[in-house]
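Only the coordinates and a few stated rules stand behind these numbers; no lab work does. The structure displayed is predicted, hence computed values, not measured ones. Neighbour counts run over all protein chains shown; Cβ positions are idealised from the backbone, glycine included.
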Amino acid sequence: MRILMAGGGTAGHINPALAIADTIKAKHPDAEILFVGVKGKMETTLVPAAGYPLKTVTVQGFQRRLSLKNIGRNVAAAYRAVTAGFEAARIIKDFSPDLAIGTGGYVCGPVLQKAARMGVPVLLHESNALPGVTVKMLAKYAKAVMIADDAARKHLPEGTRVVVTGNPLRRDFTAMDQKTARQELGVDDRPLVLCFGGSLGARHLNEAIAGVLKRNQKDQNLQFIVGTGRGENYQKMQALLAELGVKPDGVHVQVREYIDDMPRCMAAADLVVSRCGAMTLSELPAMRKPSVLVPSPYVAENHQFYNAMALADRGAALCIEEKDLTDARLWDTIEKTALSPDTLKSMSEAAGNAAVLDAHDRIYAVVKEFIDIK
């Protein structure tokens, strides 16, 4: 069995692809799986580190804003799309896959389009509530589009076969209970609020959280674990907290550059304040966590807003757009939510109702429709 995987550019595209590959490998250890990515992008590090071979093509995305410079870039992108198609054809011919699976990112365009035209069955997986341009474009070539959340269905072309599978999560996101996690973190019985803006952080969110920590100093009814993001964001947060007179003591407030034990911290938390990338959209429901979501306005097609609303519309989350974000509003929202057991319980139940805990099995059920199972 030979499976071609295409997807890259961001962890939100790469990690689901790796999880799907791992699922197939667990069922069929002798399966040959080849990834295709873009030279110089994140997948060239993450995929080999996970133990999978990787081939690359040279391709770049199109610019949506019209400008003289972007017109030139789009001419170059069009040329790269053609040459990438030739590169993809050579890879597909040499590897001779039984199935091609794409998880998003512009590398999928030339690779999966060429695979479909060469007679290879194509499957797509969309991890966001708003499908990306590439997935929408390729849907007509796909045997099925697997989606993380049913909210994505209405954004796909009519006639697309859609299967709700959820996002494949790391097993440790469902393995730890709250009591054990809190004991291991050394937190007390006060409500715990977990705040983070992703691995690189989010400056505006950090600034609002700093104000929240200042306001919490009066009564200290809440305790916080804050992930600032690495490098400059961490340094700026430390300077801002010092300016506000907030001293992280590891008891009321833990401030970390990076949260490397996210499943533990999320399990321990009563409320999560965060951006809303693709995996967060699935992790919060899987762990039944109420949340206050501040979607990044800087991502393609504002897709984090749609992720946040997929949870907010179910009563599992509250959404504050960054243009409306102030430390006063964030503090008011956190305080009213985290100090209300009834609100937390209701939101937790709503989050749990949105969870897909068997995504690996659902995805494999679709995959095995199109491969020769021995």
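Normalised by the number of residues in the chain, what is the relative contact order in percent for Cα pairs under 8 Å and 6+ residues apart? For the chain, the relative contact order is 15 percent. Compared with the dominant principal axis of the Cα atoms in the chain, helix 108-117 is inclined by about 30°.
The label point for Asp177 and the one for Lys345, both projected 7 Å from the Cα toward the Cβ, are 1.9 nm apart. Computed from Cα atoms, the angle from the helix 327-338 axis to the main principal axis of the chain rounds to 90 degrees.
Between the C-alpha center of the stretch 291-325 and that of the stretch 206-269 there is a gap of 21 Å.
When each of the peptides 270-276, 152-158 is scored by how many other beta carbons lie within 10 Å of its residues on average, the order from highest to lowest is 270-276, 152-158. FRET efficiency for the Asp332 to Leu357 pair, using the beta carbon distance and R₀ = 30 Å, is estimated at 0.35.
All alpha carbon pair distances within the chain were sorted into 10 Å bins beginning at 0; the resulting P(r) in whole percents reads 5, 23, 30, 23, 14, 5, 0.
Given a Förster radius of 30 Å and the C-beta distance between Arg230 and Glu369 as r, what FRET efficiency does 1/(1 + (r/R0)^6) yield to the nearest 0.05? Numbers along the way, then the final one.
Values: r = 42 Å, r/R0 = 1.39.
Working from the Cβ atoms, E equals 0.10.
From the Kirkwood radius over Cα pairs of the stretch 172-353, Stokes-Einstein at 4 °C and 1.567 mPa s returns a whole-number translational diffusion coefficient of 81 µm²/s.
The distance separating the Cα centre of the stretch 86-131 from that of the stretch 144-197 comes to 26 Å.
Once you keep just the Cα pairs under 8 angstrom separated by 6 or more residues, what percentage relative contact order results for the stretch 172-353?
Across the stretch 172-353, relative contact order equals 25 percent.
Extension gain for Glu184-Ala300 works out to 38.0 nm (0.36 nm per residue, less the C-alpha to C-alpha distance).
Considering the zone a paramagnetic label at Thr45 would reach in this model (a point 7 Å from Cα along the Cα-to-Cβ line), which residues of the stretch 257-288 have amide N under 18 Å from it? From the stretch 257-288, the list is 257-261.
Taking each residue as 0.36 nm, the span from Arg203 to Ala242 lengthens on full extension beyond its C-alpha to C-alpha distance by 12.4 nm. Annotation: extensible slack from Lys218 through Val251 equals 10.4 nm (criterion: 0.36 nm per residue apart, minus Cα-Cα distance). The angle between the Cα long axis of helix 68-95 and the longest principal axis of the Cα atoms of the chain comes to about 60 degrees, rounded to the nearest 10.
Which of the pairs Lys55/Lys289; Lys41/Lys368; Lys93/Lys154; Lys41/Lys93; Lys55/Lys323; Lys25/Lys179 have their Cα atoms more than 32 Å apart in this structure? Intermediate values should be presented prior to the final figure.
Numbers: Lys55/Lys289 39 Å; Lys41/Lys368 30 Å; Lys93/Lys154 35 Å; Lys41/Lys93 24 Å; Lys55/Lys323 41 Å; Lys25/Lys179 34 Å.
Correct reply: Lys55/Lys289; Lys93/Lys154; Lys55/Lys323; Lys25/Lys179.
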